[in-house]
1. Within segment 207-249, restricting attention to residues that are of a type in the set (Gly, Ala, Ser) and either under 20 Å from residue 30 (Cβ atoms) or more than 29 Å from the chain's Cα centre (by Cα) (or both), which residue is modelled with the lowest pLDDT?
2. Could you please tell me which pairs satisfy a Cβ distance under 8 Å, a separation of 6+ or placement on different chains, a first residue in segment 41-62 that is farther than 9 Å from residue 372 by Cα, and a second residue that is of a type in the set (Asp, Glu) and surrounded by fewer than 24 Cβ atoms within 10 Å (Cβ to Cβ)?
3. For residues that are charged (D, E, K, R) and either over 30 Å from the mean Cα position of the chain (by Cα) or not in a loop (DSSP other than H, G, I, E, B) (or both), scanning just segment 151-191, find the one that is modelled with the highest pLDDT.
4. I'd like to verify a number: residues in segment 336-386 that are in contact with a Lys or Arg (Cβ under 8 Å, 6 or more places away or on another chain), aliphatic (A, V, I, L, M) and not in a helix (DSSP H, G or I), how many?
5. Which of the residues spanning segment 497-529 are among the polar types (S, T, N, Q) and not in a strand (DSSP E or B)?
6. Collect the residues in segment 509-550 that are hydrophobic (A, V, I, L, M, F, W, C), farther than 19 Å from residue 499 by Cβ and surrounded by fewer than 20 Cβ atoms within 10 Å (Cβ to Cβ), keeping them in residue-number order.
7. Let me spell it out: the conditions are (1) touching a strand residue (DSSP E or B) at 6+ places or on another chain (Cβ under 6 Å); (2) modelled with pLDDT of 80 or more; (3) closer than 25 Å to residue 304 by Cβ, and residue 81 meets all of them except one. Which number is the exception?
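The values are calculated or read from the model by the stated rules, or taken from the named source; none is laboratory data. Values in this document were obtained by computation on a predicted structure and should not be read as measured data. Positions of Cβ are backbone-derived with ideal geometry, glycine not excepted, and every protein chain shown enters the neighbour counts.
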Amino acid sequence: MFDLITRRRANLKNDVLAGLTAVLTLIPEAVAFTFVAGIDPMMGLYGSFFIGFITAVFGGRPGMISGAAGSMAVVTTAFIIMFGLEYLLAAVVLTGILQVLFGAFKMGKFIRLLPHPVMLGFVNGLAIVIGMAQFRQFKENTHVIYDQTHDMFTYAGDWMQLTSPAMLTMMGLIALTMSIVYFLPRFTKAIPAPLAAIVVCTLLVTFTPLDSKLVSQVVLDQRVSMVEKEIINERFDAIKDQIPYGDYAQQAQATAADRPTLAEIKAKWAADQERMVANGEKEKVEPLDGSLKGTLPSLHFPEISWDLTNSKALDALVTVFLLALILSSVGLIETLMTLSLIDEITQTRGQGNRESIAQGSGNILSGLFGGMCGCAMIGQSMVCLNSGGRGRASGVATAIFMLMFILFFPGLIEMIPVASLIGVMFMVVIATFEWSSLRLFGRVPKSEIFIIVVVSAVTVLLDLAVAVGIGMVISALVYAWNSAKEIRVTSEEEADAKIYHLKGNLFFGSITSFKEGFAPHQDPVKTYIDFSHARICDQSGIEAVHALGERYKALNKTLYLRHLSPESAKLLQKAGDLVEVNIVEGQYAPVAHSA
């Protein structure tokens with residue numbers, strides 16, 4: 001992996017082999033990420049194909065692998081529970097549209113404004129969120145309950161007993177997977193370590209008495225739970241106004257004040273559901289299976305309600321837009337970060353705006369064909385590069401091999417123990433977390449440590465896009481504060497005039513220190529401000545210069561500016577009548593004059 005920093009030319013054979021290697025690590029993660037999001041694994045596989053193929057053919061970074069990503073999966077977890085699959089697909093399509101617009105307006109360059117502490121916090125928070133999402137697989141007996149905090153029906157389960165055979169087997173397989181992923185590369189890199197770990201665990205569970213949950217079992221449980229939730233929601237919506245409860249038997253004739261709230265009715269309904277589960281009387285669901293059927297996806301436009309008079313539908317549409325905004329931001333941030341990393345490794349330069357348009361197009365197709373959203377994947381991209389992939393053919397091969405597995409070998413995926421996927425994801429978490437950031441304490445300014453901690457915490461508590469936004473705001477404020485402290489005003493006497501030498505940037509944060517550096521009452525009739533080592537940056541700076549000139553004018557004195565930088569002179573010229581100033585090249589420019 002340390003010989004990556006070379007400018008190799010693309011080679012078709014190397015690209016195809018690199019694509020095969022990359023897909024062998026992509027498939028397990030795509031399936032694992034769908035469990036994180038709480039959706040059908042086929043959505044992750046379809047999404048990885050569409051996004052991977054489109055970005056490989058039309059994207060701006062050859063050799064970069066895209067697919068269903070964990071950073072986007074964790075954002076959709078609560079959404080799919082609240083609004084269902086159709087609204088999620090609508091959000092995926094809208095995510096793609098926003099990303100296309102982002103690239104069309106050439107906004108990819110703004111990734112350069114992302115401070116390093118924000119990137120560290122983003123990566124660390126992402127690792128924590130992905131790690132926490134794995135623990136839901138340690139639950140069994142999944143059923144639907146009412147979440148009073150969010151006023152919705154959701155899923156719940158019982159934690160496995162710590163000493164139960166199922167828990168011990170799962171822990172053992174997780175430990176074995178992590179050990180293989182960690183130690184195998186020390187002996188050979190001919191086989192991708194995650195793939196080797198999954199194969200070993202699958203063989204153990206298949207040919208030994210070990211009993212552990214397989215992907216097919218989890219897929220079945222997930223599908224059944226989703227159908228149960230839909231049934232409960234539909235039944236409740238149909239009869240919620242006719243349910244008598246205790247003293248409310250005559251609910252129809254009761255006054256409005258006496259009627260139970262919708263939350264109280266839902267809570268009572270949920271209690272009935274809990275009793276049904278306890279008595280083994282779960283909702284009757286048509287027979288389902290846990291197979292990953294190898295069929296081509298079909299075009300499907302999301303079926304959502306556009307009735308703006310319905311408050312529930314309106315809330316869903318607003319949430320779809322907000323989710324799409326978050327997903328598009330998260331996807332583009334991770335993609336452009338990955339692109340920058342590969343640029344540095346290969347000593348070439350990718351096209352961020354072109355990649356944004358391609359990724360958006362891939363997400364649009366993914367949503368229309370029943371796939372989840374995705375973005376560039378750092379781990380798979382590094383596997384591809386390490387295997388010799390440099391050209392577009394590597395990404396195309398990855399997508400084609402993905403489709404072949406979906407169509408012809410889905411049974412191989414169904415046989416995988418879930419514990420093995422959890423182990424792979426734990427290793428992804430360990431590799432994703434920037435452990436070097438822990439060594440920064442005491443070595444970098446406290447403000448940067450604060451930004452890393454805040455971004456990480458907000459990522460875990462809220463979402464990734466909000467965390468990045470908050471981190472950038474804090475970084476900007478810290479920079480403004482530090483820059484404001486750097487402005488310096490010194491003075492010297494010269495014949496019948498006084499010269500003030502200004503050093504630093506004059507902007508909203510430094511105008512107070514700027515004003516305090518002058519003494520109009522004590523200055524002679526002619527006073528100059530030398531801008532040789534300073535510049536005016538914004539409207540606040542222009543206004544500060546204008547206000548200072550007015551103070552001198554009120555005392556029948558004249559303030560001149562000299563040695564203005566071209567940028568500062570241009571700002572003053574644009575201000576026009578907002579500030580009294582004449583800028584004449586090669587001469588002093590009076591700020592306030594009789595005109």
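1. Checking each candidate, the answer is 249.
2. 61/343
3. Per the criteria, the residue is 186.
4. Of the residues in that region, 1 qualify.
5. Filtering segment 497-529 for residues among the polar types (S, T, N, Q) gives 505, 510, 512-513, 522, 527.
Within segment 497-529, 510, 512, 513, 522 meet the criteria.
6. Selection gives 537, 547.
7. Residue 81 satisfies every listed condition except (2).
So that you can scan it fast, the table gives a plain yes or no per residue for (1) part of a helix (DSSP H, G or I); (2) over 18 Å from residue 366 (Cβ atoms); (3) modelled with pLDDT of 85 or more; (4) in contact with a strand residue (DSSP E or B) (Cβ under 7 Å, 6 or more places away or on another chain):
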| site | (1), (2), (3), (4) |
| --- | --- |
| 280 | no, yes, no, no |
| 283 | no, yes, no, no |
| 295 | no, no, no, no |
| 307 | no, yes, no, no |
| 325 | yes, no, yes, no |
| 328 | yes, no, yes, no |
| 334 | yes, no, no, yes |
